[in-house]
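What follows is one structure encoded as structure tokens, with my remarks underneath.
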Amino acid sequence: MRRGDYKFKRPRCCDTTMVSAYIRHGKRSITPGSEKVGLYCPRCRRFEIKEHEQPGLVEAIKKYPVLEHVADALKPYMHTVRGLYLHGSRVRGDYREDSDYDLVLISQDKIEKDLGPELEKYNVQLESFTLKGVKKHLELEPSYLITVLREGVPLIGADLQKQLLRKKVNDIALHVELKGCIKQLKQLKSAIRKYELDGGFKSTILYSAVIRLRRVYEIKRIYDSKAPKLAENFKKYYKGDFEHLFDLYRKARDLPIDLSEADVPEEFKRMSKSTLKELVNSVDQYIKDAYDELTDMLVEKLEQEEK
């Protein structure tokens, strides 16, 4: 580091004056202020975080003060944090007052403490990945993280977001995801046909069907960013009141796993088997059509590559 890179005295390390530096992954950052601010020893290359200055996070806290709790929870781990992205309904603009603040955290090393339960009381849903885990997901099950990275707002790690989005989309992995969703819907259809459904079972089937629907919709959006919203996109498949069922899906998502039948909300108990069957069949057809569309696209791509 050249002497001209700093102008005043800093603490010493290895008998060498530590200097102020903008650091990213232990190296000098091209865009000062985008990652971390700290003190750097040019001899042993030790880096100490002085403070985190994240413009994206600071601005988000102004808009959503609840995110201050996230910043506080992350303070002990800022040395390993590489990315923090706000996504979901708060970003899309279709949120309600009780909608969650959906966040994805990417760290260099695994953060042993599970921060999720600590933040849930503030209506914050935090999912954590290591950089290694992110790369694995983008290879094997890419739909979720591609959607997060494409639509998410970077609170930390704008450079990392751009870097990950430059990776080629794994079409085959997305094709396998769709095939897995078809298999899961087959199991749901079988369960409806074979068993008597209590309220708890109905809520589980409803949640499972809609979560697969959302996953497949995300895959379709990867190839068509201008696709209409999910409710509009699904309208030609399901003729019932999808908005009502989507509200029930939200409630089912928040139900405790070990909830007794007596404590299951009456809305699920009253749901008819025919309504559930119609929804599951509609989701099944939606997924099969998406699978066929992607299959045709892959075949066409292979044919073009062979020419």
Quick one: length gained pulling Glu305 to Glu232 fully straight, 0.36 nm per residue minus the C-alpha distance? 22.8 nm
Please compute the volume of the convex hull spanned by the alpha-carbon atoms of region 55-166 and report it per residue in Å³. 102
Could you order the peptides 231-237, 148-154, 171-177 from most to least packed, using the average number of other C-beta atoms within 10 Å per residue? 148-154, 171-177, 231-237
Got a sec? How would Asp289, Asp254, Asp284 order by Cβ neighbour count within 10 Å, fewest to most? Asp254, Asp289, Asp284
Could you list the chymotrypsin sites (Phe, Trp or Tyr not before Pro) in region 173-207 that lie in coil according to DSSP, counting only those with at most 12 other Cβ atoms within 10 Å of their Cβ? Tyr195
What ranking of Ser128, Ser89, Ser203 emerges when the number of other C-beta atoms within 10 Å of each C-beta is taken as an exposure proxy, fewest first? Ser89, Ser128, Ser203
Normalised per residue, the volume inside the convex hull of the alpha-carbon atoms of region 114-268 in Å³ amounts to 155
With a point put 7 Å past each Cα toward its Cβ, work out how far Glu127 is from Tyr64 in nm, to one decimal. 1.5
So which of Lys110/Lys168; Lys194/Lys220; Lys186/Lys273; Lys63/Lys251; Lys183/Lys239 end up more than 21 Å apart, counting from Cα to Cα? Lys110/Lys168; Lys194/Lys220; Lys63/Lys251; Lys183/Lys239
Among region 158-187, those whose backbone N falls under 17 Å of a label point 7 Å along Cα→Cβ from Ile111 are 158, 160-161
Could you order peptides 212-218, 129-135 by the average number of other Cβ atoms within 10 Å of their residues, highest first? 212-218, 129-135
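Read the figures in this text as sums done on the coordinates, not as results from a lab. Everything numeric in this text was worked out from a predicted model, so none of it was measured. Methodologically, a virtual Cβ is constructed for each residue, glycine included, from the backbone with ideal geometry; neighbour enumeration extends over all protein chains shown.
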